[in-house]
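As structure tokens, the structure follows; a few thoughts come after it.
The values are calculated or read from the model by the stated rules, or taken from the named source; none is laboratory data. Just so you know, these numbers come straight off a predicted model, no measurement behind them. All Cβ positions, even for glycine, are placed from backbone atoms using ideal geometry, and neighbour counts span all protein chains on display.
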Amino acid sequence: MLQKKIVILVLLIIFLTAGSQPAGAAQEAMQKIIAGYNLTLQEKHEEAAKLFEQAIKIDPMAFNGYTALGYALFELKKYDQAIEAFFKAKELFPHRPEPYNDL
């Protein structure tokens, strides 16, 4: 089920960024998020979490970075940290449904 969500998120990112080229930091953050999703699909959650954290440091408004970090931390059984990541996504993007679904 988690892998299905991740695949959907990756496709959504690709769809939303197609036709627009994020500049500088946002582009670098997005590259790390996509690389992290690929690691998650390989069940390399620790490595993926590190990439998601790097992406968030590069672009603190990278919504997908917070939700993906939450998923990776959940898979690592770091539930408190996962909840923090989802709450941060909810705080920054209250109009998006994903963090509410994941809590």
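Does K57 meet the test of being loosely packed, with under 14 Cβ neighbours inside 10 Å and at pLDDT 85 or above?
When the stated conditions are applied, K57 passes them.
Here is a yes/no grid of residues against (1) at pLDDT 95 or above; (2) closer than 18 Å to I34 by Cα:
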| position | (1), (2) |
| --- | --- |
| A49 | yes, yes |
| F63 | no, yes |
| K78 | yes, no |
| Q81 | yes, no |
| P99 | no, no |
task: Go through the residues of the stretch 24-46 one by one and say whether even a single one is hydrophobic (A, V, I, L, M, F, W, C), at pLDDT 95 or above and more than 9 Å from the chain's Cα centre (by Cα).
output: yes
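Based on what the data block shows, is T17 at pLDDT 85 or above and not basic (K, R)?
Here the answer is no, as T17 does not meet what is asked.
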